Each structure stands twice: as C-alpha cells, then as structure tokens.
Amino acid sequence: MAVEPLKSDAIVVRGGEMTLPNLRQALQTSYVQDDEYALSFFGANDMTVEEIIEAARGAYPGCLQNKKVRLSTAGRLAEAGFRIEKDGLPPHLAIKFQISPTDANLEALTGAFDSGIVNPVSEGVS
C-alpha cells in the first residue's frame, strides 16, 4: 500500500520555541546519530493538534512534552521551500538537509511556523 502524501492543510507540530541555538543543537545531534542533518516534526492528514501530539507520544514516549509547541502546515512549509517527509513511525516527519543549513535557512523555516502556543495536551516539562 502506497504512503499517502501529506495534504497542504496537514498540521505540522514541533515542540519547543525553535530558536536558532536549539535548532542547531538538534541538527548536530541528528548528524552525529544518523550522519545526516535533519529536524524532527510531527503531523498527519486529517488530525488535530491534540491527536497528533497524543499519537506522537504513543509512538515516541517522552516526545512533545514541551510547555510550548509551534504549528505550521505542510503547505506553508512547501511554500517556504522545505520538503517535509514521513520518517519513522507515524506521525513522525522530518526535513532533511544536504548540508548544515544556514541561519537564513533556519530563520525561513521558523518563519513558516506560527508563534509558540501552550501545549494543548498537557503543561509539558520544558
């Protein structure tokens, strides 16, 4: 069975504030662990923010425990020039980079997300 592509209105969630230092740290961790520069997100077609967070926690216990989350859509990310792909267990997504992205690339990525909101599933831990 083929994997259904993300619709443009599919919600995409990232935990935390998405500051440049935090994104750089995540990229470095990804490179050390997997020999590729990638950032993790969560999302799926036809799911609410709450459903995505709960599904993510089921697949990856301990994830999305942040006090705040950032929201976007697959369409907004595509318009900003980012290719988000399904990766790992659903609803995990990733944006992968050939080389370490520039600060301008990361600022464009951050700009494709809304401001942080309080995590609607729980108060979070960080």
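Derivation of every value follows stated rules applied to the coordinates shown; laboratory data play no part. In this text the structure is predicted, and so the values were computed from the model without any measurement. Quick reminder, even Gly has a Cβ in these numbers, built from the backbone with ideal geometry, and neighbours come from all protein chains shown.
What the table below lists for this structure:
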read-out	value
Linear extension gain, residue 34 paired with residue 4, 0.36 nm per residue minus alpha-carbon span	8.3 nm
Gaussian network model of the chain, springs between alpha carbon atoms under 10 Å - residue of 38, 80, 112 with greatest fluctuation	80
5 angstrom amide H check on residue 93, placed H, neighbours 5+ away	41, 42, 43, 87
Qualifying GluC sites (Glu not before Pro) in segment 49-126, DSSP loop, other Cβ atoms within 10 Å at most 14	123
Choice from 90, 61, 101 with maximal GNM fluctuation in the chain (Cα, 10 Å cutoff)	61
Under 5 Å, built H, 5+ apart or other chain: amide partners of residue 10	74, 75
Cα shape, the chain, gyration tensor, a/c 1.5 rule	rounded
The chain: most fluctuating residue of 74, 56, 108 per GNM, C-alpha cutoff 10 Å	108
